[in-house]
Amino acid sequence: MTFQTMLLPLTADDPNNKTFRYEGHDIITLQKIVERDYKVPEPQTAQELIGYYARRIAEAVKLPSQFAALAPKIRDFFENKAFGRWVDLNDMVTVRAMGTQVASYVCIQEFARVLKQMSIAEQEPQLLEAARMLSSCQPFPWSRKVLEANKCVFNMVPCDNDFEKEFARFLENAGDVRAFAKLPQPFGFSIDYTDAGMNLRSYYPDFVAVDKQETHWLIETKGMETTDVGHKDIAATNWCENATALTKTQWKYAKIQQKGFEVLQPSRLADLAALGVPSLSEG
């Protein structure tokens, strides 16, 4: 009953029968994206539609075993909420109204939105294993950009692009940096996070560094921002806070924007505080 959905119309002359239009656009190009439409089965009973919607929602939230729990909730939604009043689900007028594209979209999207927020359970952080040394990383081939650096445990710093190479050179030359490394994917370090759709994903940070005060840094170099960046920032910040509490070693997270870095031309790690990076400002 707390769902904030539009009220569905029962008939063509229902006051709730408003124009409903949905278009998906690419966030970068603003080009309209063709949305895949699913054919709603021709309904004979409300129960058929409830079962159909329950399967679609269970697929959307990746909880197929919850079909039996979903069906009664969907029945309650259509019977008491969706049309703004109680309706008889045995009435064919109601059944036809439940089978429209608008009803399908509203039901599936709203249930999926709410359930995705509930399907990720917060857990108490635990230290599962001893520290992993970067020196334990097995040798791996690399065909992209590299930088020779004395402060890095690898014989070459593996860089994915020009900005990473420039930032690695900065860490090598910074007087307040004791050691650093690019985190290669073969090492396997990642941080779990949930994206905007509440899907569980893995985030692979760019660099780690240790300064002269023995503070450990998790550093992300960023050129173009995507919609997931904010979620990664939160996950990395939480990881650093948990790592500090569990290991008693100070960890901090910093995201370095390419434009600001190129304008600032810093010579020390501490100079990056001028970019407004909270972690560095606090340090």
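The values are calculated or read from the model by the stated rules, or taken from the named source; none is laboratory data. If you're wondering where the values come from, they're calculated on a predicted model, not measured in any experiment. Virtual Cβ from ideal backbone geometry, glycine too; neighbours counted across all protein chains shown. To get the accessible areas, we keep the full protein, side chains included, count just its heavy atoms, and leave off ligands, DNA and RNA. Shrake-Rupley method; radii C 1.70, N 1.55, O 1.52, S 1.80 Å.
Structure values in brief
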read-out	value
The stretch 213-271, dipole about Cα centre (Lys/Arg Cβ +1, Asp/Glu Cβ -1), debye to the nearest 20	100 debye
Listed residues Met1, Met156 arranged by accessible area, highest first, probe 1.4 Å	Met1, Met156
Theoretical gain in end-to-end length, Asp176 to Val146 [0.36 nm per residue, Cα-Cα removed]	8.6 nm
Dmax and Rg, reported as Rg then Dmax, of the stretch 70-113 (C-alpha, Å)	9.9, 29
Cβ-based charge dipole, the stretch 111-268, positive-most Cα from Ala254, Pro186, Asn199	Pro186
Cross-link pairs Lys212/Lys252; Lys182/Lys222; Lys145/Lys212; Lys151/Lys259 - those with Cα-Cα distance over 23 Å	Lys145/Lys212; Lys151/Lys259
Residue-normalised accessible area of the stretch 212-283, expressed per residue, 1.4 Å probe, Å²	56 Å²
Mean Cα-pair separation over length for the stretch 171-283, i.e. relative contact order, pairs under 8 Å, 6 or more apart, %	25 percent
Evaluated over the stretch 156-249, the Cα radius of gyration and Dmax, each in Å	14.0, 42
Translational D in µm²/s for the stretch 61-168 (Stokes-Einstein at 37 °C, 0.692 mPa s, Kirkwood Rh from C-alpha pairs)	165 µm²/s
With DNA, RNA and ligands ignored, accessible area of Met133 (1.4 Å probe; Å², nearest 10)	120 Å²
Heavy-atom accessible surface of the stretch 71-209: percent carbon and sulfur, 1.4 Å	48 percent
